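The values are calculated or read from the model by the stated rules, or taken from the named source; none is laboratory data. This is a predicted model, so every value here is computed, not measured. No Cβ is skipped: glycine too gets one built from the backbone with ideal geometry, and neighbour counts run over all protein chains shown. Heads up: the accessible areas ignore ligands, DNA and RNA and are worked out on the full protein's heavy atoms, side chains in. Shrake-Rupley method; radii C 1.70, N 1.55, O 1.52, S 1.80 Å.
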Amino acid sequence: MPENNSTVVPPPRIHHPPATVVSCPHHPPDGSLPPTLRSSSGKPPMSIIKFLELCLATACTVLHYYSFDDGDLITGFLATGTFCGYIVILTTVMVGYLMKAHVHRRLNLFYSLLGCALFLTAGVFIIEAWEHAFRTRTRDLAITKGSVAIINGVIFLMDTIFTFRERK
């Protein structure tokens, strides 16, 4: 009988190349926030500012419903047109943000500047119309409506500044 003097040969080593990392375009590999949630300059995203403007315009409309008699016809028309018109405009812009549609920078600047002017003017006219009236619930609601309109006008001004300084 022949002896089995065979030596054990180790299996050949197979060199595996390093695994390639497949990155997801929506999640950065370093674990940081995605680019859509990151703010490079520390300013709030535009969608939050637009949502705040929409909420304040809605609040102005509700207050306008409960304190409609603003003295003269021009103030009433200006306030109604501004509040209701900007609810439509801002709702459309918010739906555009949700659908990731591009809103042109010049159009955004135009709407923000016009909104600033209209809300400030409506707020000043409303407060001027009601400041010397007898103190009633309607007067308090009207003064609140004018104050919220002025605050919204200032937020539109800040939105204009943020949009103007935004880099492409």
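How would Asp140, Asp72 rank on accessible area, largest to smallest, probe 1.4 Å?
Asp72, Asp140
Name the trypsin sites (Lys or Arg not before Pro) in region 102-160 that are in a loop by DSSP and that have at most 12 other C-beta atoms within 10 Å, would you?
Those satisfying the criteria are Arg135.
For Thr136, Thr7, what's the largest-to-smallest order of accessible area, 1.4 Å probe?
Values: Thr136 65, Thr7 110 Å².
Putting Thr136, Thr7 in descending order of accessible area: Thr7, Thr136.
Quick check: with the 1.4 Å probe, what order do Ile143, Ile151 take by accessible area, largest first?
Ile151, Ile143
Rounded if a/c is under 1.5, else prolate if a/b is larger than b/c, else oblate: which is region 93-135, with a ≥ b ≥ c the root eigenvalues of its Cα gyration tensor?
Here region 93-135 falls in the oblate category.
Do any chymotrypsin sites (Phe, Trp or Tyr not before Pro) in region 96-168 lie in a DSSP loop with no more than 10 other beta carbon atoms within 10 Å, and if so, which?
Phe134
Could you tell me the accessible area of Leu118 in Å² (1.4 Å probe, neighbours in place), rounded to the nearest ten?
50
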